[in-house]
Amino acid sequence: MSRLVVTSIGPASSVQDGGRHGAQRYGLTVSGAMDRLALAAANTLVGNEPFAAAVEVGPFGATFTARDGAVRVAIAGAPRNADVAGKPVAMDTSVTLKDGEPLTLGFARGGAFTYLAIEGAIKGEPVFGSLAVNARAGLGSPYPRPLEAGDEFTVDAASGAPELRIELPKPASGPIRVVLGPQDDEFDDANKALFLDSEWKISATSDRMGYRLEGPAIKHLHGHNIVSDGTVNGSIQVPGNGAPIALMMDRGTSGGYPKIATVITADVGRLAQTSAGTGFRFKAVTMAEAQDEARKFQQLIRTLPDRLRSSDTIELNIEALSDANVAGYAVSAMDAGTWQVAAEP
Amino acid sequence: MAETLPPPRLLPSGDSAVTVEFSRTIDDAANERVLALDKALAAASIEGISETIPTYRSLLVHYDPGKIGFDALGEKLLAIAGQKLPPTTKARRWRIPVAYGGEHGIDLEDVAKALNTTPDDIVSRHVGGDYRVAMIGFTPGWSYLSGLDKSLHMSRRQSPRLFTPAGTISIGGVQAGIQCLAAPSGWHLLGRTPVRTYQLHRNPTFLTEPGDRVTFFAIDHKTFEELDRAAEAGEIVAERVDA
């Protein structure tokens with residue numbers, strides 16, 4: 001066994017997996033990764049099950065150091081500078097840390113959450129089948145709280161498998177898609193239109209429980225108190241002040257505000273990775289379209305292993321370069337055969 | 001129950017869940033139908049349904065759109081909800097000990113004043129109630145009860161408290177509650193129970209189920225301390241009475 005030591009880490013970083021399902025009827029929050037696709041991609045790179053437990057690294061930087069042997073890891077999700085002992089590491093690749101070598105992750109540039117998967121996965125004692133941290137309920141393993149410097153994971157010694165990269169489809173751009181309801185009839189047409197036609201920004205006070213949206217005030221037809229009913233990941237509730245809140249993975253299992261719309265499964269991770277202060281819009285789609293997208297998303301997760309490539313094949317990904325440029329980052333090809341976002345502009 | 005029941009409304013909750021709504025208000029008959037549908041779905045084991053969450057007036061059904069679509073599932077749900085389902089009255093009953101007033105029920109005196117009566121009278125009305133767990137939500141084990149004596153219905157506090165202790169027994173609006181973990185609350189605190197409706201390493205982890213019957217009985221504060229220690233050690237300390 002090796003150890004992976006958390007040498008430094010910012011707030012809002014914790015162990016997450018596919019979530020804690022089956023006990024919402026008892027009020028138990030689901031939790032789990034904010035960006036399931038990124039979690040699955042990182043896990044796939046090191047041969048784990050897609051929703052195995054990994055480190056969800058929040059927007060700030062972090063350093064992890066291998067001890068008592070080599071450790072193989074992979075990173076995916078919000079892009080950031082990464083290096084192992086000074087040598088750059090690209091997003092969406094695996095890398096092996098030799099005993100004593102640190103992996104350093106910079107601040108997220110766009111998005112918030114990057115997933116660090118460890119070969120053999122993080123080990124702990126599952127509660128309701130999950131190691132996911134739910135800090136409010138004191139659940140999660142091996143640490144039932146956000147990670148702190150000095151924490152460590154006992155992990156498998158690196159297998160020596162060749163390093164891989166994963167070719168993910170170009171992320172969807174454009175509006176975050178929603179299905180109206182369950183309580184869209186608590187709003188008149190003008191306010192539904194206001195919700196769908198306005199530009200929104202995610203407030204800096206958002207967290208894993210909910211993303212507060214800044215924009216016009218949405219008015220209710222009959223007031224803001226409804227009898228509590230069940231919530232889902234991506235429920236958009238409108239409290240009394242008219243400022244919608246998109247409920248995320250640490251949401252309460254029930255809530256008493258009208259829910260105007262629900263983010264489609266395929267776009268919840270995209271919403272999770274929308275940076276605070278960045279303008280975006282919603283778009284209503286039909287149930288048929290939403291379910292079609294949900295099935296495609298499932299198919300994408302299932303077929304992630306088909307997207308693995310040897311990381312030493314030098315293929316400059318023009319599309320990725322151009323995306324990165326569109327996103328406003330200066331990009332340069334690196335000698336490692338991958339591309340890497342240059343220093344902050 | 002009438003022969004033909006009004007069909008519930010199917011409200012889309014995104015692409016992987018549907019809310020089956022029986023009523024817009026708190027209504028015992030609707031809650032009974034929610035719990036009956038919940039039970040019937042568990043027995044029917046419909047391919048694709050992963051989890052159900054009963055609430056006062058609706059059942060949230062989580063499902064996998066890769067296994068069943070909204071329309072096909074909706075038809076099945078309406079068909080089952082339209083049947084005359086067996087009532088869920090043969091539930092188990094929990095007798096829950098409560099230390100009323102004092103430091104454990106800081107609002108008891110104010111509630112008595114507001115309702116123009118004595119704290120003892122409030123306790124006897126609360127103890128006299130025959131409750132049902134209508135739903136569990138908000139935080140683990142938080143059991144929302146229907147069946148509160150009408151004379152105890154009163155609006156919630158103007159400003160919610162940011163902290164109320166674990167085990168709080170409270171009333172708010174037409175509802176009564178058993179709260180397991182410390183949490184913010186705008187309800188009126190009448191007492192505390194040593195009973196943990198949720199305790200991680202105990203079997204069962206969750207004590208109450210939606211549909212369970214509940215009655216309360218008063219204990220003194222010394223008994224509370226004794227039972228609280230026993231509960232901390234993993235004892236259930238509620239009395240189970242099977243109907």
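Against the list (1) modelled with pLDDT of 95 or more; (2) within 23 Å of the chain's Cα centre (by Cα); (3) more than 18 Å from residue A:232 (Cα to Cα), the condition residue B:67 fails is (2). The residues of the stretch B:11-67 that are facing chain A (nearest Cβ under 9 Å) and in contact (Cβ under 8 Å) with a residue 60 or more places away in the chain, listed by number, are B:26, B:38, B:53, B:54, B:55, B:56. Consider the stretch A:65-78 and keep the residues that are surrounded by 24 or more Cβ atoms within 10 Å (Cβ to Cβ) and more than 13 Å from residue A:10 (Cβ to Cβ). The one that is nearest to the chain's Cα centre (by Cα) is A:77. When residue A:223 is tested against (1) in a loop (DSSP other than H, G, I, E, B); (2) closer than 27 Å to residue A:59 by Cβ, only condition (2) is not met. Taking the stretch A:142-214 as the region of interest, the strands (runs of 3 or more DSSP E) fully inside it that hold 1 or more residues being under 20 Å from the mean Cα position of the chain (by Cα) and without any contact (Cβ under 8 Å) to a residue 40 or more places away in the chain are A:210-214. Taking the criterion of being farther than 23 Å from residue A:247 by Cα and crowded, with 17+ Cβ neighbours inside 10 Å, the residues of the stretch B:1-26 that qualify are B:8, B:22, B:23, B:26. For the stretch A:195-232, filtering for residues that are in contact with a helix residue (DSSP H, G or I) (Cβ under 6 Å, 6 or more places away or on another chain) and polar (S, T, N, Q) leaves 0.
The C-beta contact set for the stretch B:134-158 (first residue within 11 Å of chain A (Cβ to nearest Cβ), second residue part of a loop (DSSP other than H, G, I, E, B) and of a type in the set (Val, Ile, Thr), distance under 6 angstrom, 6+ apart or interchain) comprises B:135/B:55; B:137/A:253; B:141/B:197; B:143/B:197; B:143/B:208.
Among the candidates A:85, A:53, the residue that is among the small types (Gly, Ala, Ser) and within 21 Å of the chain's Cα centre (by Cα) is uniquely A:53.
Which members of the stretch A:203-240 meet the condition of being within 19 Å of residue B:26 (Cβ to Cβ) and within 9 Å of chain B (Cβ to nearest Cβ)? Once the filter is applied, which keeps residues that are within 19 Å of residue B:26 (Cβ to Cβ) and within 9 Å of chain B (Cβ to nearest Cβ), the stretch A:203-240 yields A:226, A:227, A:228, A:229, A:230, A:231.
Residues are listed down the side, and each one gets a yes or a no for (1) among the small types (Gly, Ala, Ser); (2) within 24 Å of residue B:194 (Cβ to Cβ); (3) surrounded by fewer than 18 Cβ atoms within 10 Å (Cβ to Cβ):
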{"site": "B:120", "(1), (2), (3)": "no, yes, yes"}
{"site": "B:134", "(1), (2), (3)": "yes, yes, no"}
{"site": "B:141", "(1), (2), (3)": "yes, yes, no"}
{"site": "B:145", "(1), (2), (3)": "no, yes, no"}
{"site": "B:156", "(1), (2), (3)": "no, no, yes"}
{"site": "B:159", "(1), (2), (3)": "yes, no, yes"}
{"site": "B:164", "(1), (2), (3)": "no, yes, no"}
{"site": "B:171", "(1), (2), (3)": "no, yes, no"}
{"site": "B:174", "(1), (2), (3)": "no, no, yes"}
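Just to be sure before I move on: is residue B:43 part of a helix (DSSP H, G or I), more than 18 Å from residue B:135 (Cβ to Cβ) and of a type in the set (Gly, Ala, Ser) in the structure I sent? Yes; evaluated as a whole, the condition is true for this residue.
Taking the conditions exactly as written (under 25 Å from residue B:209 (Cα atoms), part of a loop (DSSP other than H, G, I, E, B) and touching a helix residue (DSSP H, G or I) at 6+ places or on another chain (Cβ under 9 Å)), does residue B:77 satisfy them or not? The answer is no for residue B:77.
Of all the criteria given as (1) small (Gly, Ala, Ser); (2) crowded, with 24+ Cβ neighbours inside 10 Å; (3) within 14 Å of another protein chain (Cβ to nearest Cβ), the one not satisfied by residue A:54 is (3). For the stretch A:226-248, filtering for residues that are surrounded by fewer than 24 Cβ atoms within 10 Å (Cβ to Cβ) and within 20 Å of residue B:210 (Cβ to Cβ) leaves 3.
The values are calculated or read from the model by the stated rules, or taken from the named source; none is laboratory data. Just so you know, these numbers come straight off a predicted model, no measurement behind them. Counting neighbours? That spans all protein chains shown, and the Cβs are built from the backbone with ideal geometry, glycine included.
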